[in-house]
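K.L.:
Starting off with a structure, shown below.
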Amino acid sequence: MLMSKVIVAFAFLLCLNILCFGQVVGGSETNWERYAFQKQGFSVLLPKLPIVISASNYKRSEESVRLGAYSKGTAYVVSYSQEAKDNPLKGYQKIEPFNENNFKLRLEMIRREFESSKEKVDESESEEDGLQITQLVGGDITFKLYFNSKNKSWFELYRYGESDLKSDAEKFFTSVKIEKKPQGKEIGKGASFVIGDNLQSTSSVNSEIGIGLDKSTSLNKSSKPLDGKENFEVQKFRIILKPRASYTEDARRNQLSGTVRVRVTFSANGGVSNVSAIFGLPYGLTDQAIAAAKKILFVPEKHNGVRVSVNKVIEYNFNLY
């Protein structure tokens with residue numbers, strides 16, 4: 001009986017999703033403002049209201065909150081990492097203590113990312129107001145980490161995109177303020193989708209680029225002419241942040257597992273302009289997949305220096321734990 005209900009609900013919801021879940025998301029002008037995150041006690045300058053993503057590595061007793069925003073071909077990310085206060089693994093399995101080693105592991109991971117992209121990296125260290133600052137710059141990627149040795153927490157500022165916007169980069173990387181009562185617009189839950197730019201006109205082209213998440217992390221240049229012209233250069237779009245889709249209580253009660261597939265248009269303006277379900281699941285899982293897809297932070301693809309829109313099928317797996 002339960003299985004027949006699941007099948008009926010699934011078939012109905014799948015039809016509804018395919019017909020109705022196309023969504024258009026707007027853009028806005030860039031307006032750098034100071035945003036405050038009261039819970040973590042910091043504020044930062046960002047070009048738009050950011051998305052907010054919570055992440056955790058409970059095996060290492062670590063939790064993070066990440067803020068992401070897009071403007072003019074550049075993605076900006078702020079991450080704050082600290083010891084996990086309520087660790088669900090505690091008492092059930094062995095967990096590593098949170099200490100300075102967590103920061104060192106993260107720093108090594110960033111270095112490996114640069115090595116895999118084969119970018120020349122300039123790394124420097126300094127100290128300011130009791131914070132250890134490490135900066136890594138390579139190509140169009142910049143990381144700046146502020147490590148607080150007192151409580152073993154750290155801020156991570158990350159920028160990927162246009163290398164000529166140096167004034168915006170400097171504004172971003174020097175903007176973090178750590179205060180008990182930070183001033184600025186309260187972020188709260190953040191934006192429900194990544195806000196793209198307002199574009200007067202767009203000469204973008206759509207290209208279907210396959211199923212699954214592109215794991216490429218570097219700009220790829222191609223000499224193959226897609227339009228019959230020689231010296232055609234493609235800079236592949238890059239996914240910067242991809243939030244997980246939440247598992248619903250209804251799905252948990254009904255012990256439902258499976259995969260949702262959604263078709264996503266990664267717009268030339270830096271926002272997700274359309275999301276439609278290809279294969280859905282009941283009990284709110286398709287809704288959760290669509291909501292997560294709208295929060296994907298990325299840098300648009302460029303053809304001969306012109307940003308274009310691309311379509312991609314993204315999968316979200318839901319499993320019982």
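K.L.:
Considering only region 80-104, state which residues are surrounded by 14 or more Cβ atoms within 10 Å (Cβ to Cβ) and of a type outside the set (Val, Ile, Thr).
P.N.:
Across region 80-104, the qualifying residues are TYR80, SER81, GLN82, GLU83, ALA84, ASN87, GLU96, PHE98, ASN102, PHE103.
K.L.:
Among the residues of region 49-65, are any open to solvent by 40 Å² or more (accessible area, probe 1.4 Å) and among the aliphatic types (A, V, I, L, M)?
P.N.:
Yes.
K.L.:
Looking at ASN101 and the list (1) modelled with pLDDT of 95 or more; (2) of a type outside the set (Val, Ile, Thr); (3) farther than 19 Å from GLY271 by Cβ, which single condition is not satisfied?
P.N.:
Only one criterion in (1) modelled with pLDDT of 95 or more; (2) of a type outside the set (Val, Ile, Thr); (3) farther than 19 Å from GLY271 by Cβ is unmet by ASN101, namely (1).
K.L.:
For region 112-133, name all the residues that are within 22 Å of the chain's Cα centre (by Cα) and either of a type in the set (Asp, Glu) or modelled with pLDDT of 90 or more (or both).
P.N.:
ARG112, GLU113, GLU115, GLU119
K.L.:
VAL310: of a type in the set (Val, Ile, Thr), open to solvent by less than 60 Å² (accessible area, probe 1.4 Å), in contact with a Ser or Thr (Cβ under 6 Å, 6 or more places away or on another chain) and under 26 Å from ASP140 (Cα atoms), yes or no?
P.N.:
yes
K.L.:
Let me ask you something else. What tally of residues in region 289-307 results from selecting those that are touching a residue at least 60 places away in the same chain (Cβ under 8 Å), open to solvent by less than 30 Å² (accessible area, probe 1.4 Å) and among the hydrophobic types (A, V, I, L, M, F, W, C)?
P.N.:
So the answer is 5.
K.L.:
Pull up region 159-191, narrow it to residues that are open to solvent by 20 Å² or more (accessible area, probe 1.4 Å) and part of a strand (DSSP E or B), then point me to the one that is modelled with the lowest pLDDT.
P.N.:
ILE178
K.L.:
Out of ASP140, ASP86, report the one residue that is out of contact with any Phe, Trp or Tyr (no Cβ under 8 Å at 6 or more places or on another chain) and not basic (Lys, Arg).
P.N.:
The unique qualifying residue is ASP86.
K.L.:
Further question: So if I check each of THR265, THR286, which one is touching a Gly at 6+ places or on another chain (Cβ under 9 Å) and surrounded by 20 or more Cβ atoms within 10 Å (Cβ to Cβ)?
P.N.:
Going through THR265, THR286 in turn, the sole match is THR286.
K.L.:
Is it the case that region 20-34 has a residue that's in a strand (DSSP E or B), at pLDDT below 75, within 18 Å of the chain's Cα centre (by Cα) and surrounded by 16 or more Cβ atoms within 10 Å (Cβ to Cβ)?
P.N.:
Within region 20-34, one or more residues are in a strand (DSSP E or B), at pLDDT below 75, within 18 Å of the chain's Cα centre (by Cα) and surrounded by 16 or more Cβ atoms within 10 Å (Cβ to Cβ).
K.L.:
I've got another one for you. Looking at the structure I just gave you, is ILE141 open to solvent by less than 20 Å² (accessible area, probe 1.4 Å), without any contact (Cβ under 8 Å) to a residue 24 or more places away in the chain and among the hydrophobic types (A, V, I, L, M, F, W, C)?
P.N.:
Judged against the criteria, ILE141 is not a match.
K.L.:
Here's a follow-up. From the list THR265, THR286, pick out the single residue that is in contact with a helix residue (DSSP H, G or I) (Cβ under 9 Å, 6 or more places away or on another chain), modelled with pLDDT of 95 or more and either at positive phi or of a type outside the set (Phe, Trp, Tyr) (or both).
P.N.:
One residue alone meets the criteria, THR286.
K.L.:
Still on this structure: Just wondering, is there one or more residues in region 109-117 that are without any contact (Cβ under 8 Å) to a residue 60 or more places away in the chain, touching a Phe, Trp or Tyr at 6+ places or on another chain (Cβ under 6 Å) and open to solvent by less than 70 Å² (accessible area, probe 1.4 Å)?
P.N.:
Yes - at least one qualifying residue is present in region 109-117.
The values are calculated or read from the model by the stated rules, or taken from the named source; none is laboratory data. Here the structure is a predicted model, which means the values were calculated and not measured. Ideal geometry is used to build each Cβ from the backbone, glycine not excepted, and the neighbour counts take in all protein chains shown. Surface accessibility is based on the protein's heavy atoms, side chains included, excluding ligands, DNA and RNA. Shrake-Rupley method; radii C 1.70, N 1.55, O 1.52, S 1.80 Å.
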